[in-house]
Each structure stands twice: as structure tokens, then as C-alpha cells.
Amino acid sequence: NAGVTQTPKFQVLKTGQSMTLQCAQDMNHEYMSWYRQDPGMGLRLIHYSVGAGITDQGEVPNGYNVSRSTTEDFPLRLLSAAPSQTSVYFCASSRGRPSSYNSPLHFGNGTRLTVT
Amino acid sequence: AQKITQTQPGMFVQEKEAVTLDCTYDTSDPSYGLFWYKQPSSGEMIFLIYQGSYDQQNATEGRYSLNFQKARKSANLVISASQLGDSAMYFCAMREGSTGFQKLVFGTGTRLLVSP
């Protein structure tokens, strides 16, 4: 199993450009999520999904869109990149209910995004 | 309100000694899960250990143990016999039943440096 696969690993954008960060998992996990990691702030939840066709906002959703058309894929879209979106982005997945409370998140290796 | 608090930005320990990384949490939900993750300099997030709110015994996984004090709302990670490879960032995180266990909230992390 590949686990959680994120692409690309690195990306540089100019302000105003759009792009999609890809995330795929092969563990048949119901739950998928996107986090951003900034120095001194830990990981903050952007959006999450509890199954295909179901998404919801996390702590810092502004400027980001998601969709979940399949169990495996959960892309994150930046509609108009801003320097404040410079960060490391992690996709993560886990089993859903009824065991979700004790199910650890499995993380991808991250995407380092720089917006100039 | 800060749900997870890690008050130690950095910790130093000598090889083969034990070290405790502090984590306190804030919740009024009787059902929750607590997790610890390790992030080495390579950037990936590695799940270490889990403690459920109803668990009677402290969790252990190899050299990792979780000192769970429910009344004090603390879930400290204890690493025994530290190794050079334990040098990394460590994050405490929590999932609550009131949110359907759908959100994993992270602390800001503690950087551990193990010296020879």
C-alpha cells in the first residue's frame, strides 16, 4: 500500500495564480482532511471530508476549496494564491465511524508551497 | 479557546535518559481521544501513541508511554532511553466526541534535541 500520496512536493506560485494540490489514499479511509503547518502554530485544519460527496470547513478554510467525488481522492484548490498561503500542506486520512475516535490520522509527506 | 497546550517550545535530553513532553487539553466532552505525533526534520508526520478518555490504563508503545491524568487534563508523553533518532518535533492532538471525532486539533509542538 502506498498510504497517502500528495503531489507536488514543492510548488512556487505568483500572487493570483490558482492551483490544485492532489491527495490520494489507497486504504479505503472514509475520513480525509487537509492541514497547513506554519512555524509556531502547529497544524491547522483547512477542510475535511467524512465520505464521498461530503465536505466541511475546518479552522482556516478561507481561500481554499475542496471536493470529494471518490473515496480515494481529496484535492485542495487554491483559487487565487496569496503570500499568506505560503505554508506546508498536509493531507491526512483515517477510518471513519464507528471507530474514528481512536483512529490515528495517516499523513502524506506534505507539499511545500511558496507564493511570491 | 486553545484546546491543546504544549508549553515547552524546546527540550534537551542526553542519550539514554528519559524525557517527558507536556501536553494539557481542554474539553468538556466525556468522549475524546489523545494522540502524539513525531515530525523529524524530513517533515513527515509519524503517529506514536493513542489514549482514549475511557481507557483505565496508560497507553504504552515500546519506548513511548503516555502519562494520562484525566482530572488534571494532561497527557504527557514519556520517552524512555532516548536515542539520537528521537530528535524531532512532537505534537499532541485531540479528537472530541462532540464533533463526531471528525476534527483532530493539534498543539504547537515541542522540539526535542537528543545529545550524545
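Overview of values
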read-out	value
Mean accessible surface per residue for segment B:1-66, computed with a 1.4 Å probe while every protein chain stays in place, in Å²	54
Accessible area of chain A belonging to carbon and sulfur atoms, whole % at 1.4 Å probe	49
Overall dimensions of chain B by Cα: Rg and Dmax, Å	13.7, 45
Solvent-accessible area of B:Arg111 with every protein chain in place, 1.4 Å probe, in Å² to the nearest 10	140
Hull-based mean projected area of segment A:1-66, where the convex hull spans the alpha carbons, in square nanometres	5.5
By average C-beta atoms within 10 angstrom, highest first, the peptides A:107-115, A:5-13	A:107-115, A:5-13
Interface residues in segment B:15-51 - accessible area drops by 10 Å² or more relative to the isolated chain, probe 1.4 Å	B:Phe35, B:Tyr37, B:Gln39, B:Gly43, B:Glu44, B:Met45, B:Phe47, B:Tyr50
Spatially near lysine pairs across the protein assembly as shown, Cα under 23 Å, sequence gap of 8 or more or different chains	11
Solvent-accessible area per residue for chain A (1.4 angstrom probe, square angstrom)	47
Most mobile listed residue (A:Met27, A:Met19, A:Met41) in chain A, GNM with C-alpha springs under 10 Å	A:Met41
Residues in segment B:7-35 that a label on B:Ser80 would reach, taking backbone N under 13 Å of a point 7 Å out along Cα→Cβ	B:17-19
Protein heavy-atom accessible area occluded, A/B pair - total, 1.4 Å probe, Å²	1800
Solvent-accessible surface ranking, highest first, for B:Tyr54, A:Tyr89 at 1.4 angstrom	B:Tyr54, A:Tyr89
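The values are calculated or read from the model by the stated rules, or taken from the named source; none is laboratory data. Remember, predicted model here, so these are calculated numbers, not experimental data. In this analysis, Cβ positions are derived from the backbone assuming ideal geometry, glycine residues included, and neighbour counts consider all displayed protein chains. Note: accessible area is taken over every heavy atom of the protein model, side chains too, but ligands, DNA and RNA are not part of it. Shrake-Rupley method; radii C 1.70, N 1.55, O 1.52, S 1.80 Å.
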